[in-house]
Each structure stands twice: as C-alpha cells, then as structure tokens.
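Below is one structure, written out as structure tokens, with a few remarks after it.
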Amino acid sequence: MARQDQVLVLEPPHELKFRGPFTDVVTASLKLNNPTARNVCFKVKTTAPRRYCVRPNSGVIDSGTSINVSVMLQPFDYDPNEKSKHKFMVQSMLAPPEMTDMECVWKEAKPEELMDSKLRCVFELPPESEKTHDTDTKLSAASSTKAESPPPLPKSGSAALDDTEVRKIMEESRRLQVEVQRLRQENRQMQMRDDDGLRKNPAPMPSSSSSSSGVGLKEEGPSTRLLALSVLFFVIGVIIGKLLL
C-alpha cells in the first residue's frame, strides 16, 4: 500500500538556505503547519547529524496550529566549489486518539501510516558589496577605537636618564666622597699634632694671645667638617636635580 501524502505544510517547502560566512553558527528556520482536524506527530531527520543541531527535532503539532523548527549549522571551512549533499526529512503521522508514549507510537507505526517530506540544504555567501560594507564597518570601528584611546604617558625623569649620565653622576659622587674622607683624615692629623704640642710645652698661665690661638686651632676642626658637609649636600643636590630634569 502506498504511503499517504504529507499533511503538514512546510515553509520553505523544498530548500533550507544557510547564508554565510560560516565561521560561526548559521541558523535556518523551518515552519511546520498542521491544517488538519487531528493532531500530527513529527520528526526531523538529517543525513549529517554531526553538522546540525535541530530544536525541536520531534513533537506533536495540534490541529490548526504550527511550530517553528530551528536548524543550526555548525561552523566549518566553506568551499564554494563543493556542492552540498546534506538533506533533511520531515517525517509525520496522525497522532492516535489516546497517546501516552510517543516513542512507542513511532515504533508501532505501520509504513503506510508514515508521511515524509524531503528538503535539501543550500549554502550561500553574501554578495561582494555586503562583504565590502562589513569590512568598512569593521575598519571604521577600529579607527574610532584607536582615535579614542588615550595618548601614551610621558616617561618619568628617572627613566629619561641614560646609562652614561648615571655613571657620570655615580663617579662624581664617589670622587667627592673620597675627597671628604681625605679632608677628615687631615683634620684628625692636625688635631693630634696640636694636642701633642700642647702636652710637651704646657704654659702655666696662658696669655690672651695663646688662648686665642688655641681657640683658633680648635675651631679649625669644625670648619673643615662644615666644608665637608657642604660639599656632600652639594653633590646630593646635583644628583637630585639631574633626576628631576
């Protein structure tokens, strides 16, 4: 016995068109209409189940209603010279008056109770004009983002100094430190000589001139230290000034 004609009305009736680019999921819609006075069970099958995701892939369509089926094509490397051989089949049957388990209904269905419709898959790429427009849009967005990005922050003064200047400053600092140490050593030697001379030639009653001379000798040490500290502060000021320029 020949199979019955399909009672469901499919939109589109013969082709499922998928429009690229195919670097992301592409979805095509299939509408199933039930114009009959009975509920209809349906199933959606494909020859490439790993390439598509169908939601819903089965169910029941009530009398006088319709349902939308989403067919999602997974990303792949599209070859325009390769023709698509993928096909879909919508299989249906009239639902029995009392239906509790759909799987059992499909298993117990007789071949003459089944109806089917076949659709082929068509892959399309957007026209060149649309590609150019999309490219220009992306370039414009990238240009605006670049224009709105803040300018780079200026380098700090310490980062601007090169290695040569740093080496010069360090050498100058070491030289001045050596000079300060030398002045301190000379100051200590002079104090030791003055103390030895006073112990060898004590004066019972120091006159005003000798007293003033002793004060002068004692003041020589603080003056030298003051000079050394002044030189050290000068070096520190030069280093800080160069770092801040």
**Message:** What does the extension gain come out to for residue 98 and residue 165, with contour length at 0.36 nm per residue minus their alpha carbon separation?
**Reply:** 14.6 nm
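Dividing the Cα radius of gyration by the Kirkwood radius, what Rg/Rh value follows for the range 14-139? All intermediate terms of the calculation are to be shown ahead of the outcome.
Values: Rg = 18.1 Å, Rh = 16.6 Å.
Result: Rg/Rh = 1.09.
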**Fill in**
With the label point 7 Å along the Cα-to-beta-carbon line of residue 62 and a cut-off under 16 Å to each amide N, the hits in the range 88-110 are 95, 99
**Message:** Let me check against my output: what whole-number percent is the relative contact order of the range 45-134, with C-alpha pairs under 8 Å and at least 6 apart?
**Reply:** 30 percent
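FYI, it's all coordinate maths here, none of it is from the lab. Quick caveat: nothing in here was measured; it's all calculated off a predicted structure. As a convention, Cβ positions derive from the backbone with ideal geometry for all residues, glycine included, and neighbour counts pool all protein chains shown.
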